[in-house]
1. Compute the length gained on full extension between D158 and I228: take 0.36 nm times their separation in residues and subtract their Cα-Cα distance, giving the result in nm to one decimal.
2. Provide R86, R105 ordered by accessible surface of protein heavy atoms (probe 1.4 Å), highest first.
3. Hey, if we sort C145, C131 by accessible area with the 1.4 Å probe, largest down, what's the order?
4. Add +1 for every Lys or Arg and -1 for every Asp or Glu among the other residues with Cβ under 15 Å from the Cβ of D147, and state the total.
5. Given the pairs K182/K259; K181/K239; K235/K259, which span a C-alpha to C-alpha distance of over 32 angstrom in this model?
6. If each residue of separation counts as 0.36 nm, what is the full-extension length gain between D199 and L171 once their alpha-carbon separation is subtracted?
7. Mind giving me the nanometre distance, one decimal, between the label points for K239 and C135, set 7 Å out from Cα along Cα→Cβ?
8. What FRET efficiency, computed as 1/(1 + (r/R0)^6) with R0 = 30 Å and r the Cβ-Cβ distance, is obtained for V275 and T113, rounded to the nearest 0.05?
Amino acid sequence: MPLPEDSKGSCFQSGAKRNHEAFIVSERLGSSGVGFGGGAHSHAPEKVTLLVDGTRFVVNPQIFTAHPDTMLGRMFGPGREYNFTRPNEKGEYEIAEGISATVFRTVLDYYKTGVINCPDGISIPDLRDTCDYLCINFDFNTIRCQDLSALLHELSNDGAHKQFDHYLEELILPIMVGCAKKGERECHIVVLTDEDSVDWDEDHPPPMGEEYSQILYSSKLYRFFKYIENRDVAKTVLKERGLKNIRIGIEGYPTCKEKIKRRPGGRSEVIYNYVQRPFVQMSWEKEEGKSRHVDFQCVRSKSLTNLVAAGEDVLEDQEIIMHHPPQVDELDRLNAPLSQMAPNDFQD
């Protein structure tokens with residue numbers, strides 16, 4: 001059923017005088033409807049005041065209850081008396097902290113028409129954040145704007161997030177589990193296409209340490225990582241899943257041997273064919289800082305943990321001193337005090 005015209009509400013800046021004409025029109029047009037929480041047709045529908053970014057919006061809460069899946073729909077729905085959001089001393093509801101009044105006024109169109117018409121001057125990311133805060137579905141069916149590039153960019157981020165969740169569970173996670181079973185705590189995965197083939201010379205493998213990399217054949221994931229925006233989304237997903245030291249990029253990977261060069265002295269060098277392929281690296285190590293720290297207490301030294309060995313070392317040092325007394329330089333004798341000089345030093 002169409003909503004009453006008073007659902008459009010009125011808004012005015014903080015401290016400004018209220019528009020009495022708007023209230024008179026709202027009460028007159030809404031007198032035939034049923035107010036929120038009331039059963040008598042003779043009473044005007046209830047009004048609530050929302051305070052957003054210093055601006056007051058006076059609306060009929062019925063427009064929110066028509067969308068119970070949103071935040072405002074739950075706030076003013078049937079369980080309103082159990083809501084934790086309470087009005088202030090003036091009876092106003094302070095909501096949407098950090099959201100501008102201009103964006104909130106635009107989002108109110110969704111509760112009236114089911115569509116948000118984004119005007120010029122409002123960025124799509126700000127509109128997206130507001131929709132996420134108010135639990136409003138952000139898609140092409142609810143958003144209308146002139147800047148299609150910005151809208152499609154946000155929609156692509158949503159699609160990339162869902163798509164990479166699928167790739168992570170189906171393709172990447174099994175490889176990570178295999179590395180974890182070997183006792184490793186990090187994983188480096190190179191994504192090759194389904195048509196790629198790897199043929200290395202066993203006697204002359206690539207010199208870059210690629211043998212420690214895990215290979216994943218997936219043309220779909222290869223195309224996914226082709227876009228830098230998708231790689232940023234993938235990093236966000238991996239961080240949300242608790243992984244650390246995340247690196248995603250494009251690197252050269254050797255696939256097959258091209259030729260062999262003979263160096264002077266009979267040494268041979270194998271030239272490999274490299275292809276540019278995406279890679280993803282992550283770690284789940286808890287003590288990565290301590291793993292690279294040298295604990296000097298573990299260095300072998302003369303400690304008191306072995307008292308017998310320490311005692312033997314002391315005896316050996318004493319024997320060396322008894323059998324081999326330290327040599328005394330003539331200059332040391334001349335510079336020494338008279339009290340420390342031996343009687344033999346005065347023979348001359």
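1. 23.7 nm
2. Highest to lowest solvent-accessible surface, that is R86, R105.
3. C145, C131
4. Around D147, the surrounding residues sum to -1.
5. Over 32 Å Cα-Cα: K182/K259; K235/K259.
6. 7.8 nm
7. With each label placed 7 Å out from Cα toward Cβ, I get 2.6 nm.
8. Efficiency for this residue pair is about 0.05.
The values are calculated or read from the model by the stated rules, or taken from the named source; none is laboratory data. Please read all numbers here as calculations on a predicted model, not as lab measurements. Don't worry about glycine lacking a Cβ; one is built from the backbone with ideal geometry, like all the others, and counts go over all protein chains shown. For the accessible areas, the whole protein counts, side chains as well, though only heavy atoms, and no ligand, DNA or RNA atoms are used. Shrake-Rupley method; radii C 1.70, N 1.55, O 1.52, S 1.80 Å.
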